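The values are calculated or read from the model by the stated rules, or taken from the named source; none is laboratory data. Note that the structure is predicted; figures quoted are calculated from it, not measured. Positions of Cβ are backbone-derived with ideal geometry, glycine not excepted, and every protein chain shown enters the neighbour counts. Calculation scope for accessible area: heavy atoms of the full protein, side chains included, ligands and nucleic acids excluded. Shrake-Rupley method; radii C 1.70, N 1.55, O 1.52, S 1.80 Å.
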Amino acid sequence: MNEILTLNNGVQMPALGLGVFQSSPADTVAAVEAALRTGYRHIDTAAAYFNERQVGEGIRSSGVDRDEVFIETKVFISQYGYDETLHAFDVAARKLGVEQINLLILHQPAPWVFDTTIAAYRALETLLADGKVRAIGVSNFTPAHLDRLFENTTVVPAVNQIELHPYYRQRANEQADTDHGIITQAWSPIGGITFYPGFNDNAVQSPLSDPVIGAIAEAHGKTNAQVMIRWHLQQGRSAIPKSVRPERIAENFDVFEFSLTDAELASIDALDQGVRGGPDPDAVRPPERIFTIPEE
Ligand code: NDP
């Protein structure tokens, strides 16, 4: 049984979901179907993943009732601004084939035009008030970004989705989220960013082959991926591991029947290298990477 997290507005969210970043459109339909048949009830996508349509298709073809599925998606920076973000909801809902989105978040801050980020978040507040989304949140927000958001908006984000895996623990960011009643959701929860093709090709090791995690996994008769997912869940986080392979989708969900000890949790925490794999949320994004989201 999946664990359920209660968000700061009372909405319930399955802690473990399926991520679909870098899943091709065809793979996405099959992965979502496989996940829902396995028991997942939470899917994390984004406008910028170009597969919201296939997420909707996978949900419909799985036979699982839409109302049972927690759909999370993200507004991309090229859609920021008040009217633009209201429109981004319409586009996402149409692609997903749903009337209401469970959790809509800003994909990242745009610190070089933070007023546009604020305007986008204000649109999320309006969508929440209008019942078009059940919860709103952010992604890749540092504690400083959160402070600037609080100065200018009313609704505290329900979720902050950040890079968080054993090699990049982000304790201060998680603590700031917790202090504000925000659930931290781990992206790259099993360290996918450490081996993205063409991105981190020089990485010497991924947590999936880490010997410390491996020893814990062996002691429990589990895999490194399962141990990492358990570590997130026991520490109160949401995690959204991505896979397009049915056997791994099932493996990543088989994490509710064992527990890590405090010492095991601490030894995974101690693997932190303090170096992010993904982009710095304070960096200016080059214009060529601010692409347009198609209307259809
Ligand atoms: P993950 O940590 O989920 O790792 C995914 C990688 O691990 C894939 O290469 C996958 O390959 C492989 N994998 C999955 N399960 C296993 C397993 N049991 N054993 C061995 N290998 C496995 O990384 P992601 O970066 O994909 O992060 C997950 C999700 O987080 C994304 O899909 C997306 O939804 C979100 N995300 C959000 C970001 C943001 O800026 N907000 C940024 C990045 C991700 P295969 O598919 O072949 O199984």
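Within 20 Å of Gln12 (Cα to Cα), outside any loop (DSSP other than H, G, I, E, B) and either at pLDDT 95 or above or of a type in the set (D, E, K, R) (or both): is that true of Leu127 in this structure? Let's see the steps before the verdict.
Details: within 20 Å of Gln12 (Cα to Cα): yes; outside any loop (DSSP other than H, G, I, E, B): yes; either at pLDDT 95 or above or of a type in the set (D, E, K, R) (or both): yes.
Taking the combined requirement at face value, the residue satisfies it.
Limited to the range 171-200, what total is found for residues that are more than 9 Å from the ligand (Cβ to nearest atom) and either open to solvent by 40 Å² or more (accessible area, probe 1.4 Å) or not small (Gly, Ala, Ser) (or both)?
15
In the range 275-287, which residues are open to solvent by 50 Å² or more (accessible area, probe 1.4 Å) and in contact with a strand residue (DSSP E or B) (Cβ under 8 Å, 6 or more places away or on another chain)?
Selection gives Val275, Arg276.
Could you list, in sequence order, the residues of the range 135-166 that are open to solvent by 10 Å² or more (accessible area, probe 1.4 Å) and within 16 Å of the ligand (Cβ to nearest atom)? Quick ask: steps written out before the conclusion?
Taking the range 135-166 first, the residues open to solvent by 10 Å² or more (accessible area, probe 1.4 Å) are 140, 142-144, 147-148, 150-156.
Of everything in the range 135-166, those that are open to solvent by 10 Å² or more (accessible area, probe 1.4 Å) and within 16 Å of the ligand (Cβ to nearest atom) turn out to be Asn140, Thr142.
Checking Ala203 against (1) over 29 Å from Arg148 (Cβ atoms); (2) modelled with pLDDT of 95 or more, which single condition isn't satisfied?
Status for Ala203: all satisfied but (2).
For the range 1-104, list the strands (runs of 3 or more DSSP E) that sit wholly inside it and hold at least 3 residues that are open to solvent by less than 10 Å² (accessible area, probe 1.4 Å); which are they? Full working, then the answer.
Details: elements: 4-6, 12-14, 42-44, 70-75.
Qualifying strands (runs of 3 or more DSSP E): 42-44, 70-75.
What pairs come up if the first residue lies in the range 59-75 and is in contact (Cβ under 8 Å) with a residue 12 or more places away in the chain, the second is among the hydroxyl-bearing types (Ser, Thr, Tyr), and their beta carbons are under 6 Å apart, counting only those six or more places apart or on different chains?
As it stands, the answer is Thr73/Thr45; Val75/Thr85, since those pairs meet every condition given.
Just give me the residues in the range 196-212 being touching a Ser or Thr at 6+ places or on another chain (Cβ under 7 Å) and not in a helix (DSSP H, G or I), in sequence order.
Within the range 196-212, Asn200, Ala203, Ser206 qualify.
Determine, yes or no, whether Lys132 is touching a residue at least 24 places away in the same chain (Cβ under 8 Å), open to solvent by less than 30 Å² (accessible area, probe 1.4 Å) and of a type in the set (Lys, Arg).
Taking the combined requirement at face value, the residue does not satisfy it.
Looking only at the range 226-258, which residues are of a type in the set (Val, Ile, Thr) and more than 8 Å from the ligand (Cβ to nearest atom)?
Selection gives Val227, Ile229, Val255.
Taking the conditions exactly as written (touching a helix residue (DSSP H, G or I) at 6+ places or on another chain (Cβ under 9 Å), within 14 Å of Ile71 (Cβ to Cβ), open to solvent by less than 10 Å² (accessible area, probe 1.4 Å) and in contact (Cβ under 8 Å) with a residue 12 or more places away in the chain), does Ala110 satisfy them or not? Step through it out loud before you land on a result.
Details: touching a helix residue (DSSP H, G or I) at 6+ places or on another chain (Cβ under 9 Å): yes; within 14 Å of Ile71 (Cβ to Cβ): no; open to solvent by less than 10 Å² (accessible area, probe 1.4 Å): yes; in contact (Cβ under 8 Å) with a residue 12 or more places away in the chain: yes.
So Ala110 does not fit the description; no.
Residues are listed down the side, and each one gets a yes or a no for (1) under 17 Å from Ile105 (Cα atoms); (2) more than 14 Å from the ligand (Cβ to nearest atom); (3) of a type in the set (S, T, N, Q):
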site	(1), (2), (3)
Gly19	yes, no, no
Glu68	no, yes, no
Gly81	yes, yes, no
Val91	yes, yes, no
